[in-house]
Amino acid sequence: MTQIAHFCTYIAALAALFTMSLATAMAMQRAAELRLLLVATAAVAVAAGGGAAKVPAIFVFGDSTADVGNNNYLLGSSARADFPHNGVDFPSGKPTGRFSNGLIGVDFIAAAMGFSRSPPPYLSLISIAANSSSSSSSSGEVMSNRAMMAAASGMKGANFASGGSGVLDSTGATISMTKQIEYFSDLRDQISTTLSAEKASTLLSKSIFLISAGGNDAFDFFSQNLSPDSTATKEFCEAMISTYDSHVKTLYNLGARKFAVINVPLLGCCPYWRSQSPTGECIQPLNQLAKRLNDEIWDLFSDLSSEMQGMKYSIASSYELVSSIIENPQAAGLVEVKSACCGGGKFNAEIPCIPSSSCCTDRSKFLFWDLLHPTQATSKLVGLAFYDGAARFVNPITFKQLGEA
């Protein structure tokens, strides 16, 4: 072997060693970040809800990752979680409509921001107001009382999210994003009537508008196009981002200024999609679609913040956090990251979580509660990571910094 050949071999070996060392260092950093989250969750649990809230209100929009019970009020809908084993670890031990064994991410985010509880489902406010006003003799009086009670409750925020919905109104058959924003507009009008337009504008400008959506759109598109061509994918992404743009601008025109955005999850690694894979591995084309959407969502908010005066935003990466947990579950205090805790069949994900389903006993060690949704243990990590976590999980600022901005 010539000296040049020896030298080339030596350089190649060094390059390989450097690449391995870099990958190892990055993996160690990700594990360290997860361990810090795990340690910090205890402190957050103690401090949750203590002291004054850091923002006037939180208004939540999105899908089942953020729904705290709106779908309970959709008679005839199958996209509900108001039955066991859901809620088994909720403080009351009863199902609430959350697609979880207990609390979800928005609950922990609200607690970190100083609220004693998560914003209530908007439809519950309407239902309570309607029941409280039922004894009134005048229908006009009923509507007035209902509106006033909803406004009073909504001054600290409301949750409009609906399981099964998407960014696109064609996704799902529950409460579309357009309808969620219409509900917010109604509540805004009543808050303005109660407080005055000027005070309502100030309240809304300082409040957090949390959006957790896009997963169902990607799920539906991929389900119908398992091997989509580049044209179909491009058209889908363009429709998604264009519609997302429209929703954000509508909220801005209604008074929103601080947007806390949770991006599209690592969909291809959820138990349902593993159960559909012959090898049981993640469905990478679906993950690639989610990543593409997330890149475009990032670009969208970056552009909008330069166009719309006073707009601030923070984008939390559900995709990155779940990816990190799957790579190193022990660092996050978890053990099982492939199978669902509640369900049935392969990966416990061929059958949804229903009262007759099998349910794991050590739910604190599972990443996934059912075929699609995270456990309370995972949601606790989510809440902390997005509120004040590493830049890999939330950028360009944290939810905490967004609230303080």
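The values are calculated or read from the model by the stated rules, or taken from the named source; none is laboratory data. Just so it is clear, the structure is predicted and the values come from calculations on it, not from any experiment. Here the Cβ is made from the backbone with ideal geometry for all residues, glycine too, and neighbour counts use every protein chain on show. For the accessible areas, the whole protein counts, side chains as well, though only heavy atoms, and no ligand, DNA or RNA atoms are used. Shrake-Rupley method; radii C 1.70, N 1.55, O 1.52, S 1.80 Å.
The table for this structure:
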quantity	calculated
Condition check for residue 180: touching a residue at least 12 places away in the same chain (Cβ under 8 Å), part of a helix (DSSP H, G or I) and more than 21 Å from the chain's Cα centre (by Cα)	no
Residue 339 being open to solvent by 40 Å² or more (accessible area, probe 1.4 Å) and more than 24 Å from residue 60 (Cβ to Cβ)	no
Restricting the range 254-283 to residues that are free of Cβ contacts under 8 Å to residues at least 40 places away in the same chain and out of contact with any helix residue (DSSP H, G or I) (no Cβ under 6 Å at 6 or more places or on another chain), the residue that is surrounded by the most Cβ atoms within 10 Å (Cβ to Cβ)	273
Selection within the range 349-358 - open to solvent by 40 Å² or more (accessible area, probe 1.4 Å) and either closer than 13 Å to residue 86 by Cβ or part of a loop (DSSP other than H, G, I, E, B) (or both)	350, 352, 354, 355, 356
Members of the range 327-348 found to be small (Gly, Ala, Ser), touching a residue at least 60 places away in the same chain (Cβ under 8 Å) and either closer than 16 Å to residue 274 by Cα or in a strand (DSSP E or B) (or both), listed by number	339, 340, 343, 345
Among the residues listed as 111, 161, the single one being open to solvent by less than 50 Å² (accessible area, probe 1.4 Å), out of contact with any strand residue (DSSP E or B) (no Cβ under 9 Å at 6 or more places or on another chain), at pLDDT 65 or above and among the aliphatic types (A, V, I, L, M)	111
Out of 372, 381, sole residue that is closer than 13 Å to residue 100 by Cβ and of a type in the set (A, V, I, L, M)	372
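Per-residue answers, yes or no, for (1) closer than 26 Å to residue 321 by Cα; (2) under 15 Å from the mean Cα position of the chain (by Cα); (3) open to solvent by 50 Å² or more (accessible area, probe 1.4 Å); (4) among the hydrophobic types (A, V, I, L, M, F, W, C):
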{"residue": "62", "(1), (2), (3), (4)": "yes, yes, no, no"}
{"residue": "68", "(1), (2), (3), (4)": "yes, yes, no, yes"}
{"residue": "73", "(1), (2), (3), (4)": "no, no, yes, no"}
{"residue": "105", "(1), (2), (3), (4)": "yes, yes, no, no"}
{"residue": "123", "(1), (2), (3), (4)": "no, no, no, yes"}
